[in-house]
Amino acid sequence: MRFLKKTLLTTLFFIQLAGIATAEQTVFENFSNEADQRWSYIADGVMGGISDGQAVFERLEDKDVVRLTGEVSTKNNGGFIQVRRLLPSGLPINTTGLELDVKGNGEPYYVFIRTAEMNRPWYYYKARFDTGSDWQTVAISLDNFERSHAHLKDKIKPSEIISIGIFAYGSDYQADITVNEIRLF
């Protein structure tokens, strides 16, 4: 009887924990309600590169999405296309990571974060994730973002984040990634 009571209490504890974790997730972006006013498409042409693409905000499979497509080229010092959202107020201080619902063409993609401390275009934090043809959820802890330069802080402070970008980056390939929702945890 004691074992059964202990097992029941342990089970209830984990069920309660799961409910708390779910309740603490916040939808950051679901790409509805004029998302094209919050997000901007940018290619490496701003630096002389020749990558070319587009970000389309559309309804797909009963979901509001952004679809980033194009040709990423490392020629002429290039190598990226992106869709980016500026965050003048940062993220909530209790944010520990991002969760994205994505599907793509099997190529690797990245989330780039820029913070208020960054005074050079080549300063950023990045995290890679892989895609497939089916919808999947990708969770990335802020602790797993790599800094681009040793002068950047080791840890990202959520309140100092000034932009989040979804990037096709770093090598020559045809990009095709669709994002449905981004949540904070």
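Nothing in this text is a laboratory measurement; each read-out follows from the coordinates by a stated rule. These numbers come from a predicted model, not from an experiment. Quick reminder, even Gly has a Cβ in these numbers, built from the backbone with ideal geometry, and neighbours come from all protein chains shown.
Brief remarks on what is shown
- Ratio of Rg to Rh over region 27-184 (Cα coordinates, Kirkwood Rh, two decimals): 0.94
- Fewest neighbouring Cβ atoms within 10 Å first, the residues ILE113, ILE161 line up as ILE161, ILE113.
- Applying 1/(1 + (r/R0)^6) with r as the Cβ-Cβ distance of GLN174 and ASN94 and R0 = 35 angstrom yields a FRET efficiency of 0.35.
- Mean-square fluctuations from a GNM of the chain, with a 10 angstrom spring cutoff on Cα atoms, peak among ASP62, ASP36, ASP101 at ASP62.
- SER148-GLN136 pseudo-label distance in nm [points 7 Å out on the Cα-to-Cβ vector]: 2.6 nm
- Between the Cα long axis of helix 2-24 and the first principal axis of the chain there is an angle of about 30°, rounded to the nearest 10.
- Candidate aspartates and glutamates for bridging to LYS157, where Cα separation is under 19 Å - those fewer than 8 sequence places away on the same chain excluded: GLU24, GLU99, GLU117, ASP143, GLU146
- MRE, 222 nm, helices only [DSSP H, n ≥ 4, -39500 (n - 2.57), over the chain, to nearest 500]: -4500 deg cm²/dmol
- The chymotrypsin sites (Phe, Trp or Tyr not before Pro) found in region 54-144 that occupy coil by DSSP, while having at most 15 further C-beta atoms within 10 Å, are TRP122, TYR123, TRP135.
- For the cross-link pairs LYS63/LYS126; LYS63/LYS155; LYS63/LYS153, the ones whose C-alpha atoms lie over 32 Å apart are LYS63/LYS155; LYS63/LYS153.
- Relative contact order (%) - the chain, alpha-carbon pairs under 8 angstrom, separation at least six: 30 percent
- Calculated FRET value between GLU117 and GLN37, using beta carbons and R₀ = 25 Å, to 0.05: 0.40
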